[in-house]
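The values are calculated or read from the model by the stated rules, or taken from the named source; none is laboratory data. Values in this document were obtained by computation on a predicted structure and should not be read as measured data. Note: ideal-geometry Cβ built from the backbone for every residue, glycine included; neighbour counts use all protein chains shown. When the accessible area is computed, the model is the full protein with side chains, heavy atoms only, and any ligands, DNA or RNA have been set aside. Shrake-Rupley method; radii C 1.70, N 1.55, O 1.52, S 1.80 Å.
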Amino acid sequence: MAYIDEMLQIDLCDGQVRVMLCETTDTVQRCADIHGTTPVCTAALGRLLTGTAMLGIMMKGEKETVTVTIKGDGPMGTLVAVADHGKVKACADDPKVDLPPREDGKLDVGGGVGHHGRMSGIKDLALRKNYIGQSELVSGEIAMDFAQYFTVSEQQPSLVALGVLVSGNTVLKAGGLLIQPLPGCPDEIIDQLELRSPMFADISWEMTFAPIEQLCEDWFRGMNPRILERTPVSYTCSCSRERMEKALISLGRKDLRSLIDEDQGAELVCHFCRSRYNFSTADLNAMMARAVKGEAET
Ligand SMILES: [Zn+2]
């Protein structure tokens, strides 16, 4: 079944609160299919993808992208997600880690990611300098870690809910919610939002009952929710033969030479979409000439 995932940008109380609400079921399913993830890793990567999509959609410039890296002390190793507006992709060192469920029956995402470590965000602002924000992991459950990241590195207090409901290899529902009171937002409104937070704590479960537009109406009743913008979200990788060539050339002459002499060619696999790119010795020899030229110029 084909879903179309979407991010809704919403404002509440006449612009005093910014909200992002999205469904990412299809996006997370594609991620699970590509990486052959176990349920706990599907949930971890799915939550990371969903949170990163929110950051991606906040970026204003056309060529701006954001990369979120989680380096925790869990068995999944490093998790990376990249968002180019609504186009997202993710990978983990080990996406096949399997863990028993937690005592409450939920997937042990924190156990897979690790409870200690760092989350960092790198914004590639095209012509301007990259902005780097960092925060300590709070729980490794990812939603709270994103909330901490917004508070610490962007000085923006935020409420974040991220959820992935999985059954075996199937993603039943995935989505996320971000609530940010803007500067000057009265305390009564913030109190209201906090009172309502249990309603959206288990977001993917709620999504099995109603589409996100309906949830938005229900959760923010009386707060004048207005949908300002809708952006498609999808799992998309922008790798290409050309980019892989650049990566090979950047290895330098010595490594290229050993690929030619010892390996008789090279096969590169994209970390994000598992696409394979094969280069023959003739291809590599041509690159060698370019690498030599590049070295002479620098
Ligand atoms: Zn790729």
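Highest mobility in the GNM of the chain, judged by mean-square fluctuation with C-alpha springs under 10 Å and restricted to 248, 178, 162, is found for 248.
The protection proxy used here, the mean number of other Cβ atoms lying within 10 Å of each residue, ranks peptides 44-54, 98-108 as follows, highest first: 44-54, 98-108. Here's the picture: charge each Lys and Arg Cβ at +1 and each Asp and Glu Cβ at -1 in the stretch 1-86, and of 53, 40, 7 the one pushed furthest to the positive end of that dipole is 40.
Would you mind getting the Kirkwood hydrodynamic radius of the chain from its Cα pairs, rounded to one decimal in Å? Computed over Cα pairs of the chain, the Kirkwood hydrodynamic radius comes out at 20.5 Å.
If you count Lys pairs in the chain whose Cα atoms are under 18 Å apart, skipping same-chain pairs closer than 8 places in sequence, the total is 18. As a length-normalised measure over Cα pairs under 8 Å and 6 or more apart, the relative contact order of the chain settles at 22 percent. Would you mind telling me which residue in 17, 88, 66 has the biggest mean-square fluctuation in a Gaussian network model of the chain, where springs connect alpha carbons within a distance under 10 angstrom? It is 17. The dipole here belongs to the chain: it is taken about the Cα centre, uses +1 on the Cβ of Lys and Arg and -1 on the Cβ of Asp and Glu, and is about 960 debye.
Share of carbon and sulfur in the accessible area of the chain stands at 52%, probe radius 1.4 Å.
When the chain is treated as a GNM with alpha-carbon contacts under 10 Å, the residue of 258, 240, 158 showing the greatest mean-square fluctuation is 258.
By the Cβ-Cβ criterion of under 4.7 Å, the unpaired cysteines of the chain are 13, 22, 31, 41, 91, 185, 216.
Can you tell me the accessible area per residue over the chain, all protein chains present, probe 1.4 angstrom, in square angstrom? Mind dumping the intermediate values first?
Values: 14730 Å² over 298 residues.
Roughly 49 Å² per residue, with all protein chains present.
Over what distance in Å are the Cα centres of the stretch 36-55 and the stretch 150-217 separated? Going from one Cα centre to the other spans 16 Å.
Taking only DSSP H segments of four or more residues, each worth -39500 (n - 2.57), what value at 222 nm results for the chain once the sum is divided by all its residues, to the nearest 500 deg cm²/dmol?
Details: 10 runs with 104 residues, N = 298.
Taken over the chain, the calculation gives -10500 deg cm²/dmol.
Annotation for the stretch 204-298: GluC sites (Glu not before Pro) lying in DSSP loop with at most 15 further Cβ atoms inside 10 Å of their Cβ are 262.
Compute, for the stretch 123-162, the length of the dipole vector about the Cα centre, with Cβ point charges of +1 (Lys, Arg) and -1 (Asp, Glu) only. Units Debye, rounded to 20.
Values: 3 positive and 5 negative charges, 57 e Å.
The dipole of the stretch 123-162 has a size of about 280 debye.
Picking from 115, 186, 70, whose Cα lies most toward the positive end of the charge dipole for the chain (charges on Cβ: Lys, Arg +1; Asp, Glu -1)? Of the candidates, 70 comes out farthest on the positive side.
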